[in-house]
Amino acid sequence: MDTNKQLDHLHQLRAEARLGGGQDRIDKQHAMGRLTARERIDLLLDADSFEEFDMFKIHRCKDFGMENTVIPGDGVVTGHGTIHGRIVYVFAQDFTVLGGSLSETLAEKICKIMDLAMKNGAPVIGLNDSGGARIQEGIESLAGYTEIFLRNVMASGVIPQISAIFGPCAGGAVYSPALTDFVIMERLSSYMFLTGPKVVKSVTHEDVTVEELGGADMHSSQSGISDYAASSTVDAIDYIKRLLSFLPQNNFETAPLVPCSDPVDRPSEILQSIIPENPNAAYDIKDVITETVDNGDFFEIKEQFAPNLVVGFARYNGVSVGIVANQPAYLSGVLDIDSSIKGARFVRFCDCFNIPVVTFVDVPGFLPGTAQEYGGVIRNGAKILYAYAEATVPKVTVITRKAYGGAYCVMSSKHLRGDMNYAWPSAQIAVMGSKGAAEVLYGRQARESGDAAAFLAEKEEEYNETVANPYIAAQRGYIDDIIIPSTTRARIIKALGILQNKRDTNPMKKHGNIPM
Ligand code: HXC
C-alpha cells in the first residue's frame, strides 16, 4: 500500500471509531437531549487540545454473540488536553456503544489515563454516562470496576479528581464518582443509585421515580453526593472549568496566582453594620464573604446541601483559598451532622491540595435533639474537628458574632492550630448563649425572686457584659486581635501573606483514623 493509501486507511478507521455505536444511536442520544462523549469532551477542553488514546482498542469478549459487536474504542473516549492551558486527563463514557457499559477493555482504557495523570501530576475528569457493568462480560467487568476504584483511592489527595454525571450511573458503578473529590450532576438527565426503582419497589414496597431516587437535585440537597446540580451540559462543564481554576494540578503544587485588580486594603463600610442589634436576628454570611474576597467573586460548593454551613473557593489578592462559614441565615448557622460532614470534607480537600482555609464563625452550637443524637452527631461532629486539627495549611479565622461551646472549639480555633484568629468587637465567645447560661446558673434564685423573667433578664445582661464578648479570649491570646469589621479584607490578606511559607507537620503515621 502506498503512503497515501495508508493515510486514507487511517483516516477511514478514525472516522469509523469517531462514530462510536453509529449515527442512529448518536441521533437517539441527541433526541434524549444528551450530547455524545466526544461532543462533551469538545466542550470541556481548549480547542484542538484533545489527544485521544486507544481509539482502536477493542473488547475481547466472545460470549453472547459479542464477537459480532466489536466497535473500536469500546464505549469510552480517553485522552488528555488542556483547560485554560493547563493539562487534564479525561475519559468520557460513550453511551452509543453498548450503553457505555463497562468492559474489561473499557476499564483498561480508564486506568491507563488515571495512571498517566498520577505519574504526571494532572487532574482527572470523568464524564459518566453508562449502563454499568457490561453484562456479557460478568466478572471481567467487575474486576475492571475495582481496578478503577483502587486508582481513585490511590489518586485521592494526589491529583484532583472530578466526576460529571450526564446519564445513568447505577449499581456499584456509583462508587467511582463517590470516591472522587467533586461530583457534578446534570438535572433531569443523570441519576445515581445502587438499586433502581423496580428493585426498591420489590424490596421496600416504595413507589419512587428515578429522579426522586437518584436525580441531581436529590443528591445535591439531601445525600450530599453531588456538589452541583447543573441546569445543562454546558452549565456542568462551565462549573468544572471554574472549579479547576481555583485548584493546583497536584499535591506538590499551589493553585495558580491570579493577578488581582481589587485593592488589597479596600475597606467595606457594609461590614461595620452588618451584625443586627438583636443577637438572634439573621444576616447573610455570604455578604461578608463577597465583601471581603477579590472582586466579590465567591464560587460556592454544595450550595443546596446543609446550607447552615457555606463552603467554597475564592481569592484574596489573587491567592486561592477555601472558605468555610457558618450561615446565620439558615438554622441560625448551627452545626449538625450534615454541615459537619460537609465542612470536614471540604477542609480536608483544601489541606490535601495546599489551599489555605479562611473560616468565618457565627455559630450558636451543635443542634440538639434525638434525630441528631440517634444519627450520630457526636461521631459526625467529630469529623470537622478532626479535619481542622490535622490540617497544616494556613488557617485564618474571623469570629463575627457567636462562637459558643463545642462549636467554638471546632471552628478553626487557636487550640486546633488556627494560625491567625481574629474577632470582630461584636463577637461573643462563651460556653453557651446568655439565656441558657442565666437559666442554668440562676434558675433557682429566679424562681425564688418573685419575678423570674426580670431576674433572668438582668442576669443575661450581666453574663453578656462579663463573659460573652471577645475580650476574655483575647486576654488569653486565643484571639490574636480584635479587628475593625471594615478592615477584614486587608487583615485576611495580610495574614495570608505572613503565612505563605508556613510549614507545619503531623506526627509520622500510616494515616489517622478519622471517625467514620
Ligand atoms: C451491556 C448494555 C448495558 C449493560 C445497556 N446496554 N446497559 N449492554 N451491559 N449493562 C445496552 C443495551 O442493550 C442497548 O443496546 C444499549 O446499551 C442502550 O440501552 P437501552 O436499554 O436501549 O437504553 P435506555 O432505554 O436509555 O436504558 C438505559 C439503561 C438500561 C437504564 C441504562 O439500558 C439498563 O437498565 N441497563 C442495565 C443496567 C444495569 O442493570 N447494569 C448493571 C448494574 S450493576 P442496543 O444494542 O439495543 O442499542 C453494576 C455492577 C457494578 O453495574 C459493580 C461494580 C463493583
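The values are calculated or read from the model by the stated rules, or taken from the named source; none is laboratory data. Predicted model only: the values in this text are computed from it and were never measured. Every residue, glycine as well, gets a Cβ built from its backbone with ideal geometry; the counts of neighbours run over all protein chains shown. The area values use the complete protein model at the heavy-atom level, side chains included, leaving out ligands, DNA and RNA. Shrake-Rupley method; radii C 1.70, N 1.55, O 1.52, S 1.80 Å.
Could you tell me which of rounded, prolate or oblate describes the stretch 240-358, using a ≥ b ≥ c as the square roots of the eigenvalues of the alpha-carbon gyration tensor, with rounded for a/c under 1.5 and, failing that, prolate when a/b is larger than b/c and oblate otherwise?
oblate
Using label points projected 7 Å from each Cα along Cα→Cβ, tell me how many nm separate Asn251 and Asp8, to one decimal.
5.4 nm
Residue by residue through the stretch 217-229, what is 3J(HN,Hα) from phi via Karplus (6.51 cos²θ - 1.76 cosθ + 1.60, θ = phi - 60°)? Round to whole Hz and write x for glycine and proline.
The phi angles translate into 5, 4, 5, 7, 10, 10, 7, x, 5, 8, 8, 7, 9 Hz.
Quick one: of Lys28/Lys119; Lys112/Lys302; Lys198/Lys383, which pairs are farther than 32 Å apart, Cα to Cα?
Lys28/Lys119; Lys198/Lys383
Measure off, as a whole percent, the carbon and sulfur share of the 1.4 Å-probe accessible area of the stretch 335-454, all protein chains present.
60 percent
For the stretch 62-105, what is the accessible area per residue in Å², given a 1.4 Å probe and the full set of protein chains?
Dividing the accessible area of the stretch 62-105 by its residue count gives 36 Å².
Under 19 Å Cα-Cα from Lys435, which aspartates and glutamates qualify once same-chain neighbours fewer than 8 residues away are excluded?
Lys435 reaches Glu277, Asp362, Glu448, Asp451, Glu458, Glu460, Glu461, Glu462, Glu465.
Could you check the spin-label model distance between Gln222 and Phe149? Points 7 Å from the Cα along Cα→Cβ, value in nm.
2.5 nm
Going down the table (Lys241/Lys510; Lys109/Lys201; Lys414/Lys459; Lys241/Lys494; Lys241/Lys395), which pairs top 32 Å between alpha carbons?
Lys241/Lys510; Lys109/Lys201, as the Cα separations exceed 32 Å there.
Within the stretch 427-442, find all residues whose amide N lies under 20 Å from a label point positioned 7 Å from the Cα of Ala457 along Cα-to-beta-carbon.
Hits in the stretch 427-442 for Ala457 at 20 Å: 433-442.
Using the alpha-carbon centroid of each, what span in Å lies between the stretch 223-255 and the stretch 1-75?
Value for the Cα centre distance between the two parts: 27 Å.
Counting heavy atoms of the protein chains only and a 1.4 Å probe, report the per residue accessible area for the stretch 108-246 as a whole number of Å².
Accessible area per residue: 39 Å².
Just report the Cα centroid separation between the stretch 312-352 and the stretch 85-159, whole Å.
30 Å
Within the stretch 305-319, find all residues whose amide N lies under 11 Å from a label point positioned 7 Å from the Cα of Cys260 along Cα-to-beta-carbon.
Only 315-319 pass the distance filter.
Where does each of Lys383, Lys112 land when they are ordered by accessible area, with a 1.4 Å probe and the largest first?
Descending accessible area places them as Lys112, Lys383.
Shape call for the stretch 1-154 from the C-alpha gyration tensor, a ≥ b ≥ c root eigenvalues: rounded (a/c under 1.5), prolate (a/b greater than b/c) or oblate?
In terms of gyration-tensor shape, rounded.
How large is the accessible surface per residue of the stretch 272-412, computed with a 1.4 Å probe and reported in Å² as a whole number?
31 Å²
Through the Karplus equation 6.51 cos²θ - 1.76 cosθ + 1.60, θ set to phi - 60°, convert the phi angles of the stretch 146-153 into ³J(HN,Hα) values in whole Hz; use x for Gly and Pro.
5, 4, 5, 4, 4, 5, 4, 6
Once amide H atoms are placed 1.01 Å from N in the peptide plane, what residues at a sequence separation of 5 or more from Asn317, or on another chain, have their amide H within under 5 Å of its amide H?
The list, which skips near neighbours in sequence, is Asp294.
Hey, what angle do you get for helix 104-120 against the long axis of the chain, alpha-carbon based, 0 to 90 degrees rounded to 10?
50 degrees
Around Lys402, which amide H atoms from residues at least 5 apart in sequence, or from another chain, sit under 5 Å from its own amide H, with H modelled in the peptide plane?
For Lys402, the qualifying residues are Val363, Gln428.
So if R0 is 25 Å, what FRET efficiency would Cys409 and Glu448 give, r being the distance between their Cβ atoms, rounded to the nearest 0.05?
Working from the Cβ atoms, E equals 0.15.
Of the listed peptides 127-140, 161-174, 433-446, what is their order by residue-averaged count of other C-beta atoms within 10 Å, with the highest listed first?
161-174, 127-140, 433-446
Mind pulling the angle between the C-alpha long axis of helix 452-466 and the longest principal axis of the chain? Nearest 10 degrees, somewhere in 0 to 90.
80 degrees
Say the dipole of the chain comes from +1 at the beta carbon of Lys and Arg and -1 at that of Asp and Glu; which of Ile399, Ser101, Gly131 then lies farthest toward its positive end?
Working it through, the farthest residue towards the positive pole turns out to be Ile399.
Tell me, what HN-Hα J-couplings in whole Hz come from the Karplus equation 6.51 cos²θ - 1.76 cosθ + 1.60 at θ = phi - 60° for each residue of the stretch 181-191, using x for Gly and Pro?
6, 9, 10, 10, 10, 8, 4, 6, 10, 10, 8
Give me the percent of accessible area attributable to carbon and sulfur for the stretch 216-303, probe 1.4 angstrom.
51 percent
Rounded to the nearest 10 degrees, what's the angle between the helix 337-352 long axis and the longest principal axis of the chain, both from Cα atoms, 0 to 90?
Around 70 degrees separate the two axes.
Taking 7 Å along the Cα-to-C-beta vector as the label spot, tell me the His205-Asp238 distance in nanometres, rounded to one decimal.
4.7 nm
What FRET efficiency comes out for Lys502 versus Leu188 if R0 is 60 angstrom and r is the Cβ-Cβ distance? Round to the nearest 0.05.
For R0 = 60 Å, the calculated efficiency reads 0.85.
If amide H atoms are built 1.01 Å from N in the plane of the peptide, which residues on other chains or at least 5 residues away come under 5 Å of the amide H of Ile165?
Asn128, Ile184, Met185, Glu186
Can you give me the relative contact order of the stretch 396-479 as a percent, contacts being Cα pairs under 8 Å and 6 or more apart?
It rounds to 34 percent for the stretch 396-479.
Which of the trypsin sites (Lys or Arg not before Pro) found in the stretch 47-110 are loop residues per DSSP with 16 or fewer other Cβ atoms within 10 Å of their Cβ?
Arg60, Lys62
Starting from the Cα-Cα distance between Thr195 and His511, subtract it from 0.36 nm times their residue separation and give me the gain in nm to one decimal.
Between Thr195 and His511, full extension yields 110.5 nm more.
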